[in-house]
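The values are calculated or read from the model by the stated rules, or taken from the named source; none is laboratory data. All of these numbers come straight from a predicted model, not from anything done at the bench. All Cβ positions, glycine included, derive from the backbone under ideal geometry; neighbour counts span all protein chains shown.
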Amino acid sequence: MALSSELADHIDALFLDPDPSAFYILDLAVHVSAQKTGLGVILVNHAEARAKAIGATSLSLDVSVANPAVGFYQHIGFQIKCQSNVPALRAYGQLDHLHMTRMIDQ
């Protein structure tokens, strides 16, 4: 099913323009059977090492407010920078999104 241009514009409104000094984590998933084993921390630390190597000053990501990983991200130092709310997308099951960042120690 193709998205209408109006719907695509609404989806774009969920996400901030990327910060050029940030390393953006597009996808991060840990299977439920491997959660609470430290794997998520290892993956984020690996992303941070790659970010440092290219001179990034922060990590950033976007996550649905309904995603249980929000608590994990906060626990490992991510802070909520803003919350996106696009009411037109609720009919499509799209909830608010959080933009979260974590500074990198250089």
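Tabulated values for the structure
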{"quantity": "Selection from the stretch 33-53 of residues that are at pLDDT 95 or above and not small (Gly, Ala, Ser)", "calculated": "Thr37, Leu39, Val41, Ile42, Leu43, Val44, Asn45, His46, Glu48, Arg50, Lys52"}
{"quantity": "Subset tally (residues that are without any contact (Cβ under 8 Å) to a residue 40 or more places away in the chain, small (Gly, Ala, Ser) and closer than 23 Å to Ser84 by Cα) for the stretch 29-71", "calculated": "4"}
